[in-house]
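A.B. asks: Quick one: the structure is below, questions incoming.
The values are calculated or read from the model by the stated rules, or taken from the named source; none is laboratory data. Not measured: the values here are computed from a predicted model. Here the Cβ positions follow ideal geometry from the backbone for every residue, glycine too, while neighbour counts run over all protein chains shown. These area figures cover heavy atoms from the full protein model, side chains too; ligands, DNA and RNA do not enter into them. Shrake-Rupley method; radii C 1.70, N 1.55, O 1.52, S 1.80 Å.
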Amino acid sequence: MKAAMTAEEKIARGRQISYTSACHDCHTPGGLYGVPDMSRTLSGSELGWEGPWGVSFPRNLTPDMETGIGSWTEEQIVTAVRTGIRPDKSLILPPMPWPMYSQLSDEDAQALAASLKSLPPIKHKSPDRIPPGAATTATRLSFPPPPAWDAQNLPKQ
């Protein structure tokens, strides 16, 4: 039987998962530009993702109580990562690849949550979602509406 990880090992494993699962690409400023600002690790980004859902922005994943996920429990983080549903029951919008993360083992999902809770809190409020069709000057990556093949089972907007 495998011994349980120590708290330090669990956080280290979660940190490794955050890198190999590309969390930093979107949630660390500069990540998608190839120069992630690790002094602001996982504090959210103002580079939006535009698609049929409007424009969404990567949220602050640090434990800041006001602008991050500081009030979330580790179990709430695990649920959000695996199901795309926040503790307040709102949906996490694309491009968050929660279906991919739904396949994390319990041990790995809990390690990721512990790692996020261990980060230094950084105060940064990501921009609010911009509804579809609203005028915006936000810096964003744009996705066209899906082609018929991809759209067959998508929810109607």
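A.B. asks: Working from Cα positions, state the angle (0 to 90°, nearest 10) between the long axis of helix 7-20 and the longest principal axis of the chain.
C.D. replies: 30
A.B. asks: Per-residue HN-Hα couplings for the stretch 96-102, Karplus 6.51 cos²θ - 1.76 cosθ + 1.60 at θ = phi - 60°, whole Hz, x for Gly and Pro?
C.D. replies: Result, ordered by residue: 3, x, 4, x, 5, 6, 5 Hz.
A.B. asks: Can you give the FRET efficiency to the nearest 0.05 for THR6 and GLU75, using r as the Cβ-Cβ distance and R₀ = 25 Å? Numbers along the way, then the final one.
C.D. replies: Details: r = 20 Å, r/R0 = 0.80.
Plugging the Cβ-Cβ distance into 1/(1 + (r/R0)^6) gives 0.80.
A.B. asks: Which value in deg cm²/dmol, rounded to the nearest 500, describes the helix-derived mean residue ellipticity at 222 nm for the chain, given -39,500 (n - 2.57) per DSSP H run of n ≥ 4 and division by the residue count? Each step should come with its number before you reach the end.
C.D. replies: Values: 6 runs with 50 residues, N = 157.
Taking each H run of at least 4 residues, the total per residue is -8500 deg cm²/dmol.
A.B. asks: Now for a different question. Determine, from the Cβ-Cβ distance of ASP128 and ASP25 and an R0 of 22 Å, the FRET efficiency 1/(1 + (r/R0)^6), rounded to the nearest 0.05.
C.D. replies: On the way: r = 21 Å, r/R0 = 0.97.
Given R0 = 22 Å and the Cβ-Cβ separation, E is 0.55.
A.B. asks: Additional query: Between GLU107 and THR136, what is the label-to-label distance in nm when each label sits 7 Å out along the Cα-to-Cβ direction?
C.D. replies: 4.0
A.B. asks: So with the 1.4 Å probe, I'd like the accessible area per residue for the stretch 11-157, rounded to whole Å².
C.D. replies: Details: 8390 Å² over 147 residues.
Heavy-atom accessible area per residue stands at 57 Å².
A.B. asks: How many percent of the accessible area of the chain is carbon or sulfur, using a 1.4 Å probe?
C.D. replies: Values: 5590 of 9430 Å².
Of all accessible area on the chain, carbon and sulfur atoms account for 59 percent.
A.B. asks: Something else now. Is the shape of the chain rounded, prolate or oblate, going by the alpha carbon gyration tensor and its root eigenvalues a ≥ b ≥ c, with a/c under 1.5 for rounded and a/b larger than b/c for prolate?
C.D. replies: Working: a/c = 1.96, a/b = 1.47, b/c = 1.33.
Since a/c reaches 1.5 and a/b is larger than b/c, the shape of the chain is classed as prolate.
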